[in-house]
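The values are calculated or read from the model by the stated rules, or taken from the named source; none is laboratory data. Since we're looking at a predicted model, the values are computed, not measured. Note that we place each Cβ from the backbone using ideal geometry, even for glycine, and neighbour counts take in every protein chain shown.
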Amino acid sequence: MESAVRQIGITGATGAIGIALINKCIEHGVEVYAFVRRDSVRISRIPSHPLVHLVYCALDEMASFDMSDLPRLDVFYHFAWMKAFGEKARNDLRTQIKNIDYAVDAVSLAKRLGCRRFIGAGSQAEYGRTKEVLRPDTPCCPENGYGMAKLAAGQMTRLECLRLDMEHVWVRVLSVYGPCDGEGTLVMSVIKDAISGIAPACTKGEQLWDYLYSKDAGKAFYLLGEKGDSGKTYVLGNGNSGSLRTYIDKICEACAEISLVSSPIRPLYGEIPYSEKQVMHLEADLSELTGDTGFVPMTSFEEGIRDTIRWYIKTHG
């Protein structure tokens, strides 16, 4: 199927969503220019394909990057973000402020590359704690530096796009899992322990969580490049929530099945106390995203987690 978008640029290309988006672009014959750090240890994750080109450009190089060797692009996706995991990292305010600067630099780079549209990856952390299903108009009350910086980056990149006569789409991402996910995420931590025969230490697992498989997330971002409504903020998740305990049990069961262990590891629920500002409810309202792009998640958690475990075993021995 031929795409209306022919060429894209992307930062954060080595993460779970970045890789999934690149694979979706290959599927549709879209040329990809992946902006990566020259010293990144994860570059090998990026698919080797005639449509995919590596561009060596770190976040702090975007403002002055020489684009003379690059063609004009259609859409620019900005996924890269420093210190996105862990309470200490997320409250490293100096770094989070730099991330806002880099997001604005990414808009400037996209404009110089001829892009008509800029798509930025925000976060559920922009909302803070709430018992509501998360919608684009749900009030934002971020409680850590990461969430505050994401909120500011979304607002400031929108202003910069308006100034530069570019289309702007901001996507608040909930919990995405899948191949190439970060080592510090809950899903990867549980997989690592369960495959190794270690009982994962967990909270009580009462949180209601919304997990989306990375392949579906890549599809959503691809569709937003073609059909997203400029000026809008979208919420991206699966659209359903379940208890974290249920997800962890399913991970342990799948690990036992794939590694041919007789019985699943029993997680140590309650071993870790809830944090002072523990988010207890994450669930996305996809109605606007689905209405504008037609996006519907297709991968069950059981299917997605099996694929993720197989990838983990293949890449980690």
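Listed here are the residues, each with its yes/no results for (1) touching a His at 6+ places or on another chain (Cβ under 8 Å); (2) in contact (Cβ under 8 Å) with a residue 24 or more places away in the chain; (3) over 24 Å from D74 (Cα atoms).
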residue: T130; (1), (2), (3): yes, yes, yes
residue: R135; (1), (2), (3): no, yes, yes
residue: C141; (1), (2), (3): no, no, yes
residue: A153; (1), (2), (3): no, yes, no
residue: T157; (1), (2), (3): yes, yes, no
residue: E160; (1), (2), (3): no, yes, no
residue: V173; (1), (2), (3): no, yes, no
If L164 passes every condition in (1) within 30 Å of S259 (Cα to Cα); (2) surrounded by fewer than 16 Cβ atoms within 10 Å (Cβ to Cβ) but one, which one does it miss?
-> (1)
Within region 31-47, is there a residue that is touching a strand residue (DSSP E or B) at 6+ places or on another chain (Cβ under 8 Å), under 21 Å from A217 (Cα atoms), in a loop (DSSP other than H, G, I, E, B) and not β-branched (V, I, T)?
-> no
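From V30, V36, which residue is at pLDDT 95 or above, under 16 Å from T11 (Cβ atoms) and either among the β-branched types (V, I, T) or exposed (fewer than 15 other Cβ atoms within 10 Å of the Cβ) (or both)? Break it down stepwise before answering.
Working: V30 fails: under 16 Å from T11 (Cβ atoms).
So the residue among V30, V36 that is at pLDDT 95 or above, under 16 Å from T11 (Cβ atoms) and either among the β-branched types (V, I, T) or exposed (fewer than 15 other Cβ atoms within 10 Å of the Cβ) (or both) is V36.
So which helices (runs of 4 or more DSSP H) are wholly in region 66-173 and hold at least 1 residues that are modelled with pLDDT of 95 or more, closer than 30 Å to Y274 by Cβ and under 19 Å from the mean Cα position of the chain (by Cα)?
Numbers: elements: 87-90, 93-112, 145-163.
Those helices (runs of 4 or more DSSP H) span 93-112, 145-163.
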Leading residue by the ranking (surrounded by the most Cβ atoms within 10 Å (Cβ to Cβ)) among those in region 282-303 that are in contact with an Asp or Glu (Cβ under 8 Å, 6 or more places away or on another chain) and not in a loop (DSSP other than H, G, I, E, B) = A284
